[in-house]
Amino acid sequence: MKHRRKRGISFIGLLLMSVIAILLGSIAGAYYYLHSQYTGEAREEGLVKLREMDENSVEYQIASRYYDASELKEPEVELAQAKESEILTIPSIQVELDKNGDGIEIEHIYAGTYEGYMMIVHDPEDVSIAINPHLGSGAAAPELEDYVEMYHATGGINGGGFADEGGTGNGSIPAGIVIMDGELISGGAAQPILGITKDHKLITTTCTGQEALDMGIVEAVTFGPTFINNGQVVYQPGTDNLNMLNPRTAVGQKADGTFLLLVIDGRGPSSFGAKYEDVVEIFQKYDAVMAGNLDGGNSSVMIYDNQYIHYPVSMYDSRNLPSVILVKADK
């Protein structure tokens, strides 16, 4: 009786299985690479890379699927053809200039790729910073309208940055240095800050928490970059790979103490957003001697006289904010 010899896997079979395993490993590796480069917190930076990439490259063809077609366009050209390139103040659509006689003016501005609003506050004592009253508890921070109501303020804008993993942060953990009532609440290492001194002067610079206190700063939040310091433009184009068209919030001050609170709309059909150079130019036109960038994107928001002055990106009007800049608020 003949016994059949048990056959193992042939050499060709082993070779074929090895090739398949390598291919599957390569595909999985490519997927995880692309996912890490073009989603979550890396999404905006990935879009910048993608716009500079050869459209015929394999990476572009795959990674572009993470974005809408409208996002992949370089929007400057399209919208620049539809609007003037020079910043203009348009009296006919200003939000009733100083309508309450409260020393606050709202001016509507626009340029090639954006439109926005500048709140001009003539009395520097009317401007102050407020922070999340639930700081340290993990509870969600208030929205801007809640701050305005809580402090009986006339208006305000969003303030410093916060931990926002996946775009779902609740404002409970502020980024960097926070100073209130002359005390260092959080942070300490050198950061770009926006601070207000006890004599109501705005300071925009990079420093440690202790250095900020030594400068007489009694209120401060962290964000950047710094645009103008002591009358000199300090922002250098090309030093930040996140400098793309986006909603923006920023604050500045003139030599006479007048505060300039700016919000620019973005990611919409009538306003794609602004780059940092655009914001610097705006503050120069308003004769700012100090100016710095605040948290932008979905956080950008402005309220005056109990109404939103613009169209926030967030469908719910305002996000939960760890800090805000208020105007004419109860201290």
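What to note about this one:
- Residue in the stretch 259-269 that is modelled with pLDDT under 95, surrounded by fewer than 23 Cβ atoms within 10 Å (Cβ to Cβ), out of contact with any Phe, Trp or Tyr (no Cβ under 8 Å at 6 or more places or on another chain) and assigned to a loop (DSSP other than H, G, I, E, B) present: yes
- Candidate set: the stretch 132-150, residues that are surrounded by 23 or more Cβ atoms within 10 Å (Cβ to Cβ) and under 23 Å from Gly187 (Cβ atoms); chosen: the one nearest to the chain's Cα centre (by Cα): Leu144
- The number of residues in the stretch 98-153 that are aliphatic (A, V, I, L, M) and either assigned to a loop (DSSP other than H, G, I, E, B) or outside the structural domain of Asp287 (by TED's automatic domain parsing) (or both) comes to 6.
- Candidates Ile193, Ile217 - the one that is in contact with a strand residue (DSSP E or B) (Cβ under 7 Å, 6 or more places away or on another chain), closer than 26 Å to Val313 by Cβ, among the aliphatic types (A, V, I, L, M) and in contact (Cβ under 8 Å) with a residue 24 or more places away in the chain: Ile193
- Enumeration of residues in the stretch 281-303 that are surrounded by fewer than 23 Cβ atoms within 10 Å (Cβ to Cβ) and more than 20 Å from Gly161 (Cβ to Cβ): Glu281, Gln284, Lys285, Tyr286, Asp287, Val289
- Residue selected from the stretch 151-172 under the condition among the β-branched types (Val, Ile, Thr) and farther than 23 Å from Thr226 by Cβ, by the criterion surrounded by the most Cβ atoms within 10 Å (Cβ to Cβ): Thr154
- Residue in the stretch 204-219 that is buried (at least 24 other Cβ atoms within 10 Å of the Cβ), closer than 20 Å to Ser300 by Cα and in contact with a Gly (Cβ under 6 Å, 6 or more places away or on another chain) present: yes
- Just so you know, in the stretch 234-288 the residues that are in contact (Cβ under 8 Å) with a residue 40 or more places away in the chain and among the β-branched types (Val, Ile, Thr) include one that is nearest to Ile120 (Cα to Cα), and it is Thr258.
- Among the candidates Thr249, Thr226, residue that is within 18 Å of the chain's Cα centre (by Cα), crowded, with 21+ Cβ neighbours inside 10 Å and either of a type in the set (S, T, N, Q) or modelled with pLDDT of 95 or more (or both): Thr249
- Lone qualifier among Thr239, Thr249 - being hydroxyl-bearing (Ser, Thr, Tyr) and in a strand (DSSP E or B): Thr249
- Between Val279, Val234, the distinction of being at pLDDT 95 or above, among the hydrophobic types (A, V, I, L, M, F, W, C) and under 14 Å from the mean Cα position of the chain (by Cα) belongs to Val279 only.
- Filter pass, Ala163 being modelled with pLDDT of 95 or more and either over 20 Å from Val121 (Cβ atoms) or in contact with a Cys (Cβ under 7 Å, 6 or more places away or on another chain) (or both): no
The values are calculated or read from the model by the stated rules, or taken from the named source; none is laboratory data. As the structure is a prediction and not an experimental result, all values here were calculated from the model. Every residue, glycine among them, receives a Cβ derived from its backbone with ideal geometry; neighbour counts consider all protein chains shown.
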